[in-house]
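The block underneath contains the structure these notes are about, expressed in structure tokens.
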Amino acid sequence: MYIGLSGGIGSGKSTVAKILSELGAVVIDADAIAKEVLETGQVGYENVIHNFGDSVLDPTGNIDRKKLAELVFQDETKLAKLESIVHPAVVSRVTQIRESLPDSAIVVYDTPLLIEKGLQDQFDTVLIVLADLESRRERLLSRGLLLKDIDARIANQATDEQRKAVADVLIVNDGTMQELKENVTNVWQQLSA
Ligand code: ADP
């Protein structure tokens with residue numbers, strides 16, 4: 001079974017992924033894979049240098065993701081180029097991971113960009129984590145983010161309405177951590193039944 005998991009920043013998506021992993025799901029972290037494919041020796045590495053030059057490297061020869069982000073920020077052509085390098089590399093790595101797993105595995109693809117990238121049809125089930133704006137702000141503030149950055153990032157992401165429109169299962173994370181665990185455990189029991 002292949003499950004897509006998403007939610008806006010601060011909703012608790014990563015926490016849900018962790019709980020599902022503890023319950024027995026195989027979680028594939030899309031952000032981690034997108035980083036991995038740009039590591040030295042990986043498929044995206046040479047391609048990025050070829051297209052963006054040595055200036056995106058740090059002194060040790062690794063891709064400096066911050067420099068790369070600055071380079072493509074507000075330049076749609078460069079951003080599209082970077083995506084055309086990263087996207088196929090991620091797809092191929094995810095396919096490789098999935099092929100290495102037994103058919104019985106319950107695989108959760110954890111991605112913040114499920115809606116933005118229109119991935120919903122790939123999955124047997126789409127799980128969406130929702131939380132009210134105040135809880136999200138509070139959680140992210142206590143993680144050290146600034147309110148203006150939090151609100152800018154939330155404004156840049158899909159809306160709750162867009163998320164609800166693609167969700168097969170909604171996990172509302174407005175309560176305590178204990179409530180979230182119970183909620184996710186119930187969802188897991190239904191999925192793995
Ligand atoms: P996301 O991946 O959606 O950005 P996280 O799962 O990283 O969100 O959660 C953001 C922060 O909020 C983390 O520090 C997490 O421990 C905390 N958090 C998540 N859910 C709850 C909750 N129900 N109660 C209290 N803190 C929570």
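The values are calculated or read from the model by the stated rules, or taken from the named source; none is laboratory data. Worth saying up front: this structure is predicted, and the values here are computed from it rather than measured. When we count neighbours, we look across all protein chains shown, and the Cβ atoms used for this are built from the backbone with ideal geometry, even at glycine. In case anyone asks, the SASA skips ligands and DNA or RNA and just uses the protein heavy atoms, side chains included. Shrake-Rupley method; radii C 1.70, N 1.55, O 1.52, S 1.80 Å.
Taking the Cα centre of the stretch 56-166 as origin, work out the dipole magnitude from +1 charges on Lys and Arg Cβ and -1 charges on Asp and Glu Cβ, in debye rounded to 20.
In debye, rounded to 20, the stretch 56-166 gives about 300.
Measure off, as a whole percent, the carbon and sulfur share of the 1.4 Å-probe accessible area of the stretch 31-104, all protein chains present.
Solvent-exposed carbon and sulfur of the stretch 31-104 make up 51 percent of the total.
With a 1.4 Å probe and all protein chains left in place, how much of the accessible area of the stretch 111-193 comes from carbon and sulfur atoms, in whole percent?
49
If you average the C-alpha positions of the stretch 153-182 and of the stretch 1-42 separately, how far apart do those two centres end up, in angstrom?
Each part's Cα centre sits 16 Å from the other's.
With angles folded into 0 to 90 degrees, how steeply does helix 76-99 sit against the dominant principal axis of the chain? Use alpha carbons for both and round to 10.
60
With no solvent and one point per C-alpha, what does the Debye sum give as log10 I(q)/I(0) for the chain at q = 0.09, 0.16, 0.17 Å⁻¹?
Normalising to I(0) and taking log10 leaves -0.38, -1.12, -1.22.
About its Cα centre, what dipole magnitude does the chain give when the only charges are +1 on Lys and Arg Cβ and -1 on Asp and Glu Cβ, stated in debye to the nearest 20?
Dipole of the chain, to the nearest 20 debye: 240 debye.
From the alpha carbon gyration tensor of the stretch 31-104, can you work out the equivalent ellipsoid semi-axes (sqrt of 5 times each eigenvalue) and give them in Å, largest to smallest?
They are 25, 14, 9 Å, listed largest first.
With every protein chain present, what is the per residue accessible area of the chain (1.4 Å probe, Å²)?
57
In degrees between 0 and 90, to the nearest 10, how far off the longest principal axis of the chain does helix 13-23 point, with axes built from Cα atoms?
With rounding to tens, the tilt is 70 degrees.
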